[in-house]
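One structure below.
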């Protein structure tokens, strides 16, 4: 598997390594520089002490022109391996001795040997006798000047040229040591970082995979294992989940609205058509009736009129359910109205072998027209009984809550097929032969006209219809 | 005969005549022997062994007195504070009236040595004349090989030995002169051939940084001389012991330690050349 450089699975261990490396280099640098600083201080302190210690003998050597003893003192037991370059200068400004005689020759003018050296006679410098000055030379970083005096008269000057050169190898050792230690740490950190990176990134990868499914799949059925928890990634997962839920809700709402509009349109068309058919139908039936009463008819005519009347009544029977008229006349709904419905359905329940649980409590007359509510309840109850036939059960719960009537009817038994569940209130005449298939459609029309809501939900073998009808504000007679 | 047995013998003798004896009284006066840097450095162990051997031979303690400058030993010798000393031929000829030659060491079969003119191994100089205007290390103002001869050599070239070099200084020792040249403190130096050869054998790394560019004629080797304090009667036995050192096993080992063959009694004529050079320079006021 090849990973892009932008992958956190690479960037995390690399970042860890860079951090470790940077830290180690910083620490090594700090330690190295501190060591260098300490060594420099020691060097200066030693040089000052050594210079003062040698002063007396060097004064004597200068006065007695004893080059060798001055040289052997400056050279010391270590020969020319000393850290400092010592230069003894006579009062004439010429070099008298040095521990590096090859470079600082006897009798050479100091001004020629060290052209960058400020003049000793300059006022500020004479005051700084025995002080260490900084020198900005490639091989000299610090400079000590000691005036050598005999009886108050200057007989010469001792210079110590101090350099960082002896300490550079030590500094390099510290840095290399730090680097090696870091590489050792990196050998451990890199695999750990790799594992950690994978662990950290895994929920993000899952989230990304899940996001990729949005738009391709039904949001309401989208199931992802998104990360949870208080961490940033957990919060991201939570927000993503909330967003998906909101989207799903919005989609459902849109679908519902589309459905409502469609049902409303179908309802209007159906009612219009039913009206148009019903009106002449009524006229024709009345005409046949009149004709029969006012004329004396022979047998074939009577048979023909009966045939016509039955056919027209059949048409009327077929069309009338389309003519839902919720706001008709009528009285306010009472418990008795509902009990009537129970009585009406009882034979069918017995025939279908369905057990009914009846939990209807209506304290007083309710501000809803009784007729449409009775029809609504009857349709729903018949529908439930039909679904529960052959050993199922039906449960009816009705009550008021605030300014609304709540009806819940649930049944066990054959569940609604999914395609039906998606559009439960559309007419399905073809599903049940010998029936109009308009029962639920009528229910929907009634509820809508009463300004309420109806919804269906299915959970396993249980199908439940819930209706909420707002009570009429103006009341009913 | 060892020193202890002799002391026992003396004590026994004195006890025999019935006199109370104290060791301090019975102890003979030690022979005071001055040593100058004509010998190679690091000689403490050798001097300890040599004083033991000499004391045993002479029947009296021998005390070595060391000074870093020839002049100090010479002063002690002339003032009678030491009995004899191993000095250079140059101070001998200067004070020969008051000094007596006891013996002369033999180096490589002869009582002779040379002055070597040395420069740093990487120096381009090929002769003394190339060192003009340079830095030069003298060994000691009372040294023949390290001072008198090179000055005479310059003088014979018609130059002023005091102005020939830009700057000179004294190292107070031949070995130090070698070091001064090896470490580039001086451009050149004149050293005792005996010291240089001994160093070359014992410490080749020291002389490796130097190169001999001139060798002087042979001169009489730095002699062992008696000062006014040494009784004439004592001179004979001392000459005898020194001359016989090469025949004694322990004595020969000691001689080998300082790269000498032995000691021989020589006449003052051996130092005629040195005396002539000293005189020539003294006439010019250059000594």
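Pick out the one residue from B:137, B:56, B:125, B:49 that is in a loop (DSSP other than H, G, I, E, B) and more than 13 Å from the chain's Cα centre (by Cα). Show your work before the answer.
Numbers: B:137 fails: in a loop (DSSP other than H, G, I, E, B); B:56 fails: in a loop (DSSP other than H, G, I, E, B); B:49 fails: in a loop (DSSP other than H, G, I, E, B).
Of the residues listed, the single one that is in a loop (DSSP other than H, G, I, E, B) and more than 13 Å from the chain's Cα centre (by Cα) is B:125.
Filter the range B:140-165 down to residues that are within 18 Å of residue B:119 (Cβ to Cβ) and part of a helix (DSSP H, G or I) and give me whichever is farthest from the other protein chains (Cβ to nearest Cβ).
Ranking the qualifying residues of the range B:140-165, first place goes to B:153.
Evaluate the following for residue A:259: is it surrounded by 11 or more Cβ atoms within 10 Å (Cβ to Cβ), under 57 Å from the mean Cα position of the chain (by Cα) and touching a residue at least 60 places away in the same chain (Cβ under 8 Å)?
Yes.
(1) part of a helix (DSSP H, G or I); (2) under 18 Å from residue B:192 (Cα atoms); (3) out of contact with any strand residue (DSSP E or B) (no Cβ under 8 Å at 6 or more places or on another chain): which one isn't true of residue B:282, the others all being true?
Exception for residue B:282: condition (2).
When you go through A:62, A:21, A:14 one by one, which is the residue that is within 14 Å of another protein chain (Cβ to nearest Cβ), part of a helix (DSSP H, G or I) and surrounded by 13 or more Cβ atoms within 10 Å (Cβ to Cβ)?
Values: A:21 fails: within 14 Å of another protein chain (Cβ to nearest Cβ); A:14 fails: within 14 Å of another protein chain (Cβ to nearest Cβ).
Step by step, each of A:62, A:21, A:14 is checked, and only A:62 is within 14 Å of another protein chain (Cβ to nearest Cβ), part of a helix (DSSP H, G or I) and surrounded by 13 or more Cβ atoms within 10 Å (Cβ to Cβ).
Within the range A:193-232, track down each residue that is more than 30 Å from residue A:422 (Cβ to Cβ) and either free of Cβ contacts under 8 Å to residues at least 12 places away in the same chain or touching a strand residue (DSSP E or B) at 6+ places or on another chain (Cβ under 6 Å) (or both).
Result: A:195, A:199, A:202, A:205, A:208, A:228, A:229, A:230, A:231, A:232.
Exactly one condition in (1) part of a loop (DSSP other than H, G, I, E, B); (2) over 15 Å from the mean Cα position of the chain (by Cα) is false for residue B:168; which is it?
Going through the list (1) part of a loop (DSSP other than H, G, I, E, B); (2) over 15 Å from the mean Cα position of the chain (by Cα), residue B:168 breaks only (1).
Determine whether the range A:293-300 contains at least one residue that is over 26 Å from residue A:451 (Cα atoms), surrounded by 12 or more Cβ atoms within 10 Å (Cβ to Cβ) and over 20 Å from the mean Cα position of the chain (by Cα).
First, pick out the residues of the range A:293-300 that are over 26 Å from residue A:451 (Cα atoms): A:293-300.
Pick out the ones that are also surrounded by 12 or more Cβ atoms within 10 Å (Cβ to Cβ) and you get A:297.
Narrowing further to those that are over 20 Å from the mean Cα position of the chain (by Cα): A:297.
Within the range A:293-300, one or more residues are over 26 Å from residue A:451 (Cα atoms), surrounded by 12 or more Cβ atoms within 10 Å (Cβ to Cβ) and over 20 Å from the mean Cα position of the chain (by Cα).
Can you confirm whether residue B:184 is on the phi > 0 side of the Ramachandran plot and in contact with a strand residue (DSSP E or B) (Cβ under 7 Å, 6 or more places away or on another chain)? First the steps, then the outcome.
On the way: on the phi > 0 side of the Ramachandran plot: yes; in contact with a strand residue (DSSP E or B) (Cβ under 7 Å, 6 or more places away or on another chain): yes.
Yes, satisfied.
Return the only residue of A:91, A:69, A:7 being out of contact with any helix residue (DSSP H, G or I) (no Cβ under 7 Å at 6 or more places or on another chain) and either under 23 Å from residue A:151 (Cα atoms) or without any contact (Cβ under 8 Å) to a residue 24 or more places away in the chain (or both).
Of A:91, A:69, A:7, the one residue that is out of contact with any helix residue (DSSP H, G or I) (no Cβ under 7 Å at 6 or more places or on another chain) and either under 23 Å from residue A:151 (Cα atoms) or without any contact (Cβ under 8 Å) to a residue 24 or more places away in the chain (or both) is A:91.
Each reported figure results from applying straightforward, stated rules to the coordinates on display, with no laboratory input. Quick caveat: nothing in here was measured; it's all calculated off a predicted structure. Here the Cβ is made from the backbone with ideal geometry for all residues, glycine too, and neighbour counts use every protein chain on show.
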